[in-house]
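The next block holds one structure in the form of structure tokens; read it before the comments.
The values are calculated or read from the model by the stated rules, or taken from the named source; none is laboratory data. Every value quoted in this text rests on a predicted model; they were computed, and no experiment measured them. Quick reminder, even Gly has a Cβ in these numbers, built from the backbone with ideal geometry, and neighbours come from all protein chains shown. Surface areas here come from the heavy atoms of the whole protein model, side chains and all, with no ligands, DNA or RNA. Shrake-Rupley method; radii C 1.70, N 1.55, O 1.52, S 1.80 Å.
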Protein chains: 2
Amino acid sequence: MSDQAAIGLIGLGTMGANLALNIAEAGHRIAVHNRSPDKTRAFHEQAGALRDRIVPTETLEDLVDALASPRTILMMVPAGAPVADQIDALVPLLAEGDILIDGGNSDWTDSRDRATALGDRGIGFLGLGVSGGAEGARHGPSLMAGGHEAAWAAAETVLTSIAARFGDVPCAAYFGDGGAGHYVKTVHNGIEYADMQMIAEIYGLMRDGQGRTAADISAVFDRWNGAALESYLVEIAAEVAAVIDPATGRPILDVIADRAGQKGTGRWTVMDAQRRAAPLPAVEAAVTARVLSGEAALRAEGEHLFPESDALPPLTDAELEGALIAGKILAYSQGFTLLSVARGEEGWIMPLDTVARTWRAGCIIRSAMLDDMATALEEGTCARPLAFAPTFAERLRAHVPALRRVVAAAVAAGLPVPALSAALQHFDQLRQSRGTANMIQALRDRFGAHGFERTDRPGEGGQHGPWVATDGSA
Amino acid sequence: MSDQAAIGLIGLGTMGANLALNIAEAGHRIAVHNRSPDKTRAFHEQAGALRDRIVPTETLEDLVDALASPRTILMMVPAGAPVADQIDALVPLLAEGDILIDGGNSDWTDSRDRATALGDRGIGFLGLGVSGGAEGARHGPSLMAGGHEAAWAAAETVLTSIAARFGDVPCAAYFGDGGAGHYVKTVHNGIEYADMQMIAEIYGLMRDGQGRTAADISAVFDRWNGAALESYLVEIAAEVAAVIDPATGRPILDVIADRAGQKGTGRWTVMDAQRRAAPLPAVEAAVTARVLSGEAALRAEGEHLFPESDALPPLTDAELEGALIAGKILAYSQGFTLLSVARGEEGWIMPLDTVARTWRAGCIIRSAMLDDMATALEEGTCARPLAFAPTFAERLRAHVPALRRVVAAAVAAGLPVPALSAALQHFDQLRQSRGTANMIQALRDRFGAHGFERTDRPGEGGQHGPWVATDGSA
């Protein structure tokens, strides 16, 4: 029995291999398997001091035989059909009570359906969001779990032992049944899109509006990383801006093409948000920006047709920093509101402060500010936006004026700031007690007899203007 | 045979009843049916001079018997399950070659699936987008058809005879198989959302930023309706702003609650656009604004927490008009680009100039500008945005400066202009040949080894920065 492994892992790509090493290093015996046995053998041979805790297996049957019962298998294969195929291949080999964990970037609705289907066959299932890239996988990722609670109870010890830690607290948590874990990961990625896009926008203002060098911009991000904006993304923004391309001797940022890829999670997030009527304008803007980054020929034609550009009005570094702080708070606030809506609709546990805590280390959006967000979300009721929590409302009062100046300046100069601008527009709508939808509703009643509510008869919908016939033909 | 009706219609709600009268008035004999026979009888009795051409029927069997063969039946029942149930009830009564037309606001994917399912049984099907509200249905709607081409050929004469006309050209067209017609209608509605939202934003600047009365605002819209912005929506904006509420003696706009309803087509449009990676920022902003209009308590709290407001910098009426012209062109350009992408992906005919022509009269977004758009889309290649067509590029060069001044002023004053702002941000990204996605891609390569393209080696993806180990562990 002591020979048997505590956990199995399938798929020795970058993430899988690094997670396997991480698990072994945490003291667990792990059986590994890859479609190609050569890869499995090579992985085992290169595992150095950890070799003894790693059991290479050539077939799925070998893998299953190598595991202590109940068996726990972590699948690190590409999302979509490969995960489905892997599950189909494994199920006949498993016994009731065994557990499958999908650690890929799966669509949360797939995880929801798989939890149901596997549960019906007595197999435990976790959909596990893993963030932190290759480095995180190796030394401590952020882990967001959803699925069967009993499966979490069984796998918790191993998963917690390999997770990143913020102080003493491991960044691993269970958020609810079905696809809860992958849902949290998807929203994490959506926020990551907004975070990166806002950094890119501020970078663009410094580069194109202020004519600053990459080295100078690096120094600015580096300074910001020592204060309110302390975060992994700002840290590596400073880092990449300082790097010189060995081939040309130029700053590498100036050599990298302005085309950003995407793997779909950002888009999934905004589509889900639209479906729930809890939209995420800052993330939507970031997803759109990535799409447009792929349209180089069109943008060249656009610049040719519309070359006009005014100088960027003067902006201090403190204003740019304030804009990024305010924009970031607003984007995160939108993201947490979506989580709150989804939690209610799906019946998930998902305490928002635990989500924030799980993101404090290990994952790509880790930052000092997330610790304060965890505290604020603990105090606040979940129905209120994070932006309205006292500590963040105070920061917004301090920094939104800078965000306004930066967005207005960029608009005047014709430099795009879509995510910062979308965050601000959303905020300005949220602080307008009397909006302008009365005009929209008047128009809708005028052309379609859709009805409206009167301010002097609140709660009574279906009122009509004198332009609508009242004989029922409306 | 001469007694038999040319077409049958099911569902005598507002839209159905008005379409039936329209069809009868156009000289066609029409058999009508409603779930409740009382409604059918009442409709027939109130049809006045048109009574003789209308055949009331009590059962579906009666309806089917009343029709000339091949039978054509227009269903005007609510989208979703009611349409599916109606089809299920009708199919057993029909013969091969008969035709069903769904004139409701159906999801285009439902129409696609129904065309396939009915086609397999030898029944012709059209998914028909009908725009124009009750008035349009009675006197001439805009009709957007998709489905079986043979069904269109059979129904074309009747449908064309009841459609709105722009000059001599009927606003009715066939756009391709499956859900093409309902797709065009959905995008129409998305554009309608943006159109109305931009009107509401300009109204808000006049009301809240310039302190103008509804009567004054009405006069401004009325003037604009006599020039470049001539359109049904600007016309009725002027009209509703002038109306006095009989109950209070106040302008009715000031009595209508600022909460706008929505029936889903706007949201469908932006979700479909996201799925196709052809995003519609102006429509997204408009959908979000409607969602936020429903959050009155939250907005009141927001205003309390963040009361700061600077005065709106001076803006002339010409600047406000220019902003609305530019915003409108940009929103429509985004919409036509989505149609172009969808057409390619779905294999639809859907000439974009025909779409614009079909929208010139009858529908809610009808306007003088759509005639120019039809001409521009005829000349242009479909892959280029409408905004880049010479006549519209020229208008944008003339009016974008006003849009910039208006958005910058609103941002400074804290008055929301989300759709105008989103349209402008999209435009500014489209005219930036060197964007800032190089920063995003540098970050993605730094944390996830996602790779980038180098500007000096175009077409070779998968390059990495010196921060990435090249031994494959990335």
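Observations, loosely collected:
- Considering the stretch B:286-304, the residues that are more than 7 Å from chain A (Cβ to nearest Cβ) and either small (Gly, Ala, Ser) or not in a helix (DSSP H, G or I) (or both) include one that is farthest from A:Ser333 (Cα to Cα), namely B:Ala286.
- Complete set of residues in the stretch A:250-276 that are more than 8 Å from chain B (Cβ to nearest Cβ), over 18 Å from B:Ala422 (Cβ atoms) and of a type in the set (A, V, I, L, M, F, W, C): A:Trp268
- A:Gln210 at the interface with chain B (Cβ under 10 Å from one of its Cβ atoms) and out of contact with any Gly (no Cβ under 9 Å at 6 or more places or on another chain): no
- Checked against the criterion of being surrounded by fewer than 16 Cβ atoms within 10 Å (Cβ to Cβ), part of a loop (DSSP other than H, G, I, E, B) and either at pLDDT below 95 or small (Gly, Ala, Ser) (or both), the stretch B:14-32 has at least one qualifying residue.
- Members of the stretch B:1-49 that are aliphatic (A, V, I, L, M), over 32 Å from the mean Cα position of the chain (by Cα) and away from every other protein chain (no Cβ under 14 Å): B:Met1, B:Ala5, B:Ala49
- Residues located in the stretch B:215-233, provided they are in a helix (DSSP H, G or I) and either away from chain A (no Cβ under 12 Å) or without any contact (Cβ under 8 Å) to a residue 40 or more places away in the chain (or both): B:Ala215, B:Asp216, B:Ile217, B:Ser218, B:Ala219, B:Val220, B:Phe221, B:Asp222, B:Arg223, B:Trp224
- Cβ pairs under 7 Å, 6+ apart, first in the stretch A:443-455 and within 20 Å of B:Ala296 (Cα to Cα), second at pLDDT 90 or above and of a type in the set (Asp, Glu): A:Gly451/A:Asp445; A:Phe452/A:Asp445
- Considering each residue of the stretch A:173-188 in turn, none proves to be assigned to a helix (DSSP H, G or I), within 21 Å of the chain's Cα centre (by Cα) and under 15 Å from A:Thr72 (Cβ atoms).
- The residues of the stretch B:235-249 that are open to solvent by less than 10 Å² (accessible area, probe 1.4 Å) and either part of a loop (DSSP other than H, G, I, E, B) or more than 10 Å from chain A (Cβ to nearest Cβ) (or both), listed by number, are B:Ala238, B:Asp245.
- Hits in the stretch A:289-308 (condition: open to solvent by 40 Å² or more (accessible area, probe 1.4 Å) and in contact (Cβ under 8 Å) with a residue 40 or more places away in the chain): A:Glu308
- In the stretch B:342-390, the residues that are in a helix (DSSP H, G or I), open to solvent by 60 Å² or more (accessible area, probe 1.4 Å) and within 12 Å of another protein chain (Cβ to nearest Cβ): B:Pro390
- Scan of the stretch A:391-401 for residues that are under 16 Å from A:Ala331 (Cβ atoms) and open to solvent by 10 Å² or more (accessible area, probe 1.4 Å), ordered by number: A:Arg395, A:His399
- Test: A:Gln262 is among the polar types (S, T, N, Q) and not in a helix (DSSP H, G or I): yes
- Some residue of the stretch A:406-414 being under 30 Å from B:Asp195 (Cβ atoms) and not in a helix (DSSP H, G or I): yes
- If the condition is being among the charged types (D, E, K, R) and surrounded by fewer than 20 Cβ atoms within 10 Å (Cβ to Cβ), then the stretch A:77-111 contributes A:Asp85, A:Asp88, A:Glu96, A:Asp110.
- The condition (being part of a loop (DSSP other than H, G, I, E, B) and within 7 Å of chain A (Cβ to nearest Cβ)) is satisfied by just one residue among B:Pro307, B:Pro279: B:Pro279.
- Residues being small (Gly, Ala, Ser), open to solvent by 10 Å² or more (accessible area, probe 1.4 Å) and at pLDDT 95 or above - total across the stretch B:261-288: 1
- Residue in the stretch B:63-72 that is within 21 Å of B:Gly129 (Cβ to Cβ) and either touching a strand residue (DSSP E or B) at 6+ places or on another chain (Cβ under 8 Å) or not aromatic (Phe, Trp, Tyr) (or both) present: yes
- The stretch A:33-47, subset without any contact (Cβ under 8 Å) to a residue 12 or more places away in the chain and in a helix (DSSP H, G or I), residue least open to solvent (accessible area, probe 1.4 Å): A:Ala42
- Residue match in the stretch A:436-447 (condition: under 22 Å from B:His304 (Cβ atoms) and open to solvent by less than 20 Å² (accessible area, probe 1.4 Å)): yes
- Among the residues listed as B:Gly132, B:Gly124, the single one being modelled with pLDDT under 95 and surrounded by 24 or more Cβ atoms within 10 Å (Cβ to Cβ): B:Gly132
- Of the candidates A:Tyr193, A:Tyr203, the single residue that is among the aromatic types (Phe, Trp, Tyr), assigned to a helix (DSSP H, G or I), surrounded by 24 or more Cβ atoms within 10 Å (Cβ to Cβ) and under 18 Å from the mean Cα position of the chain (by Cα) is A:Tyr193.
- Considering A:Arg53, A:Arg71, the condition of being touching a residue at least 24 places away in the same chain (Cβ under 8 Å) and buried (at least 22 other Cβ atoms within 10 Å of the Cβ) is satisfied by A:Arg71 alone.
- Scan of the stretch A:396-432 for residues that are free of Cβ contacts under 8 Å to residues at least 60 places away in the same chain and either under 19 Å from B:Gly302 (Cα atoms) or more than 7 Å from chain B (Cβ to nearest Cβ) (or both), ordered by number: A:Arg397, A:Arg404, A:Asp428, A:Gln429, A:Leu430, A:Arg431, A:Gln432
- Hits in the stretch B:310-341 - residues which are aliphatic (A, V, I, L, M), open to solvent by 40 Å² or more (accessible area, probe 1.4 Å) and in a helix (DSSP H, G or I): B:Ala318, B:Val341
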